[in-house]
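Data first, discussion second: the structure below is written as C-alpha cells.
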Amino acid sequence: MCLSCGCGEPNDDHGNAANITAQDLQSAAQAADISPQEVVENIQSGVRTG
C-alpha cells in the first residue's frame, strides 16, 4: 500500500514520490541484499531510536 498512509494500495504513491510504496521496500531490500521484512524491521528500529 502507500505504506505511508495505509490506504491499501501497495504501489500507489498518490503522485508524490515521497510516499513509501511496496516497490520502494523491495528496491531497498535488493540494494542491501536483505528481505523486505528485514527492511521493515530496520525501519521500525530506526524510528524507535531516532
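Rule-based calculations on the coordinates, nothing more; no lab input. Because the structure is predicted, anything quoted here is derived from the model rather than measured. Glycine gets a Cβ as well: all are built from the backbone with ideal geometry, and neighbour counts include every protein chain shown.
Taking the Cα centre of the chain as the origin, how large is its charge dipole in debye, to the nearest 20, when only Lys and Arg (+1) and Asp and Glu (-1) carry charge on their Cβ atoms? Provide the component values of the computation, followed by the final result.
Values: 1 positive and 7 negative charges, 35 e Å.
Charge dipole, the chain, about its Cα centre: 160 debye, nearest 20.
Of Ile43, Cys2, Ala17, which is farthest towards the positive pole of the chain's charge dipole, taken about the Cα centre with +1 and -1 on the beta-carbons of Lys, Arg and Asp, Glu respectively?
Looking along the dipole axis, the top candidate is Ile43.
Do the sum for the chain: with -39,500 (n - 2.57) for every DSSP H run of n ≥ 4, divided by all residues, what is the mean residue ellipticity at 222 nm, to the nearest 500 deg cm²/dmol?
Roughly -15500 deg cm²/dmol at 222 nm, from the helical runs in the chain.
Per the Kirkwood definition applied to all pairs of different Cα atoms, how many angstroms is the hydrodynamic radius of the chain?
Kirkwood radius, the chain: 11.2 Å.
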